[in-house]
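*Asks:* Next up is a structure, given as structure tokens.
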Amino acid sequence: MSTVDRIEVVDSHTGGEPTRVVIHGWPEPPGATMAERRASMQREHDHLRRAVVLEPRGHDAVVGALLTPPERSDSAAGVVFFNDASYLGMCGHGLIGVVRTLEHLGRITSGEVRIDTPVGQVSATLDPAGAVTIRNVPSRMLHQDVSVQVPGIGEVHGDVAWGGNWFFLTEIPGLALALEHRAELLRITTQLRDALAAAGIVGDDGAVIDHVELFGPPTVAGADSRNFVLCPGAAYDRSPCGTGTSAKMATLHARGTLAPGARWVQEGILGTIFTGWLTESSEGLVPSIVGHAYITARSTLLFDPADPFRSGIA
Ligand code: PYC
């Protein structure tokens, strides 16, 4: 286990969901591709993931982001996102936070920046007023209207879609998507995730469906829908979830209800919104999402070798 004694981070939130960007102190992960670098982080430095995002320095909703050199010659940087449980393919709210962080550090000004992730190249455009538009990896629906038996709930129907992470998307009639019911919503979505795994319902190449997204009517003027998103691990997304909104738009497109270019306004559990649309390209159906992030802290995390919780409280 490497003996890192300090890591510098910049914290932000995007629509309420925190992102902690590591800017110094984490050994550069070896590998030619971002997927190889992510695998090396998982193998060699998983204790740093836990140390950075978990209590006592973080909490289970924090999404970490390690900046690396780019994989592609036309990208400015690479990024690997991680959370309380594991590593993410892409992270929409996180990318918006990364872009505002790079701006805060004086590393970018307004304009477009391309960034490599373990699941492909993405890009982000910072506008002078602070809004960030991300262009995600191509998204698609894998299975429409899958049925799963959930103990204590019964049969639930939903779609499986890729938006940079794997999602199960559904509506449960009569279930109010309200913040005060978050404990119940977490319980139900966790049961759903377990039921999907038990039923062998997976993404491509047997990938675990680790995000569950519930939808209901919007409460904010101009929004099309409200969601509640269970992230891998124990946390729910405070934002409307960038990869979840991408997956949602892919399912709407597959059903013929969202045309390329048409706006989809997704409200999250805190009432914050992401505005998205799809573009057809040679690579597939590419989602764009607009959101806002705010810098909340710049700090140095300290790891005392004598601290029993220097690698986080697992
Ligand atoms: O915004 O894509 C997202 C995301 C994934 C997990 C948490 N946020």
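*Asks:* Quick check: anything in segment 108-126 open to solvent by 10 Å² or more (accessible area, probe 1.4 Å), within 30 Å of Thr279 (Cβ to Cβ) and in contact with a Leu (Cβ under 6 Å, 6 or more places away or on another chain)?
*Replies:* Checking segment 108-126: at least one residue is open to solvent by 10 Å² or more (accessible area, probe 1.4 Å), within 30 Å of Thr279 (Cβ to Cβ) and in contact with a Leu (Cβ under 6 Å, 6 or more places away or on another chain).
*Asks:* Any residue in segment 293-314 that's closer than 30 Å to Ala124 by Cβ: show its pairings with residues that are loosely packed, with under 15 Cβ neighbours inside 10 Å at Cβ separation under 8 Å, as long as the two are six or more apart or on different chains.
*Replies:* Arg298/Glu8; Ser299/Glu8; Thr300/Arg6; Thr300/Glu8; Leu301/Arg6; Leu301/Glu8; Gly312/Glu55; Gly312/Pro56
*Asks:* Looking at segment 16-28, which of its residues are open to solvent by 10 Å² or more (accessible area, probe 1.4 Å) and touching a strand residue (DSSP E or B) at 6+ places or on another chain (Cβ under 9 Å)? Break it down stepwise before answering.
*Replies:* Just the residues of segment 16-28 that are open to solvent by 10 Å² or more (accessible area, probe 1.4 Å), to begin with: 16, 18, 20, 23-28.
Answer for segment 16-28, where residues must be open to solvent by 10 Å² or more (accessible area, probe 1.4 Å) and touching a strand residue (DSSP E or B) at 6+ places or on another chain (Cβ under 9 Å): Pro18, Arg20, Ile23, His24, Gly25, Trp26, Glu28.
*Asks:* Next up: Scanning segment 127-137 for residues that are among the hydrophobic types (A, V, I, L, M, F, W, C) and in contact (Cβ under 8 Å) with a residue 12 or more places away in the chain, which turns out surrounded by the most Cβ atoms within 10 Å (Cβ to Cβ)? Let's see the steps before the verdict.
*Replies:* The first filter runs over segment 127-137 and keeps only residues among the hydrophobic types (A, V, I, L, M, F, W, C), leaving 129, 131-132, 134, 137.
Right, trim to in contact (Cβ under 8 Å) with a residue 12 or more places away in the chain and you get 131-132, 134, 137.
Numbers: Ala131: 14, Val132: 25, Ile134: 29, Val137: 20.
Top of the filtered list is Ile134.
*Asks:* So, one more: In segment 146-184, which residues are in a strand (DSSP E or B) and loosely packed, with under 12 Cβ neighbours inside 10 Å? Show your work before the answer.
*Replies:* Applying the first criterion (in a strand (DSSP E or B)) to segment 146-184 yields 146-150, 154-162, 166-170.
Within segment 146-184, Ser147, Gln149, Gly154, Glu155 meet the criteria.
*Asks:* Does segment 54-101 hold any residues that are open to solvent by less than 30 Å² (accessible area, probe 1.4 Å) and away from the ligand (no atom under 12 Å from the Cβ), and which are they?
*Replies:* Leu54, Gly58, Leu66, Thr68, Ser75, Ala77, Gly78, Val79, Val80, Val99, Thr101
*Asks:* To continue, here is another question. Starting from residues that are part of a strand (DSSP E or B) and open to solvent by less than 90 Å² (accessible area, probe 1.4 Å), keep the ones in segment 297-313 and report whichever is farthest from Arg50 (Cα to Cα).
*Replies:* Start the filter on segment 297-313 by keeping residues that are part of a strand (DSSP E or B), which leaves 297-302.
After this cut, where a residue has to be open to solvent by less than 90 Å² (accessible area, probe 1.4 Å) as well, the list is 297, 299-301.
Numbers: Ala297: 19, Ser299: 17, Thr300: 16, Leu301: 12 Å.
Within segment 297-313, the match that is farthest from Arg50 (Cα to Cα) is Ala297.
*Asks:* From the list Arg255, Arg238, Arg263, which one is open to solvent by 40 Å² or more (accessible area, probe 1.4 Å), within 15 Å of the ligand (Cβ to nearest atom) and of a type in the set (Lys, Arg)? I'd like the intermediate steps shown before the answer.
*Replies:* Values: Arg255 fails: within 15 Å of the ligand (Cβ to nearest atom); Arg263 fails: within 15 Å of the ligand (Cβ to nearest atom).
Testing whether each residue is open to solvent by 40 Å² or more (accessible area, probe 1.4 Å), within 15 Å of the ligand (Cβ to nearest atom) and of a type in the set (Lys, Arg) leaves just Arg238.
*Asks:* Tell me, yes or no, whether segment 54-63 has at least one residue that is closer than 20 Å to Ile115 by Cα, in contact with a strand residue (DSSP E or B) (Cβ under 7 Å, 6 or more places away or on another chain) and touching a residue at least 24 places away in the same chain (Cβ under 8 Å).
*Replies:* Looking through segment 54-63, at least one residue is closer than 20 Å to Ile115 by Cα, in contact with a strand residue (DSSP E or B) (Cβ under 7 Å, 6 or more places away or on another chain) and touching a residue at least 24 places away in the same chain (Cβ under 8 Å).
The values are calculated or read from the model by the stated rules, or taken from the named source; none is laboratory data. The structure displayed is predicted, hence computed values, not measured ones. No Cβ is skipped: glycine too gets one built from the backbone with ideal geometry, and neighbour counts run over all protein chains shown. Side chains are part of the model used for accessible areas, which takes the heavy atoms of the whole protein and leaves out ligands, DNA and RNA. Shrake-Rupley method; radii C 1.70, N 1.55, O 1.52, S 1.80 Å.
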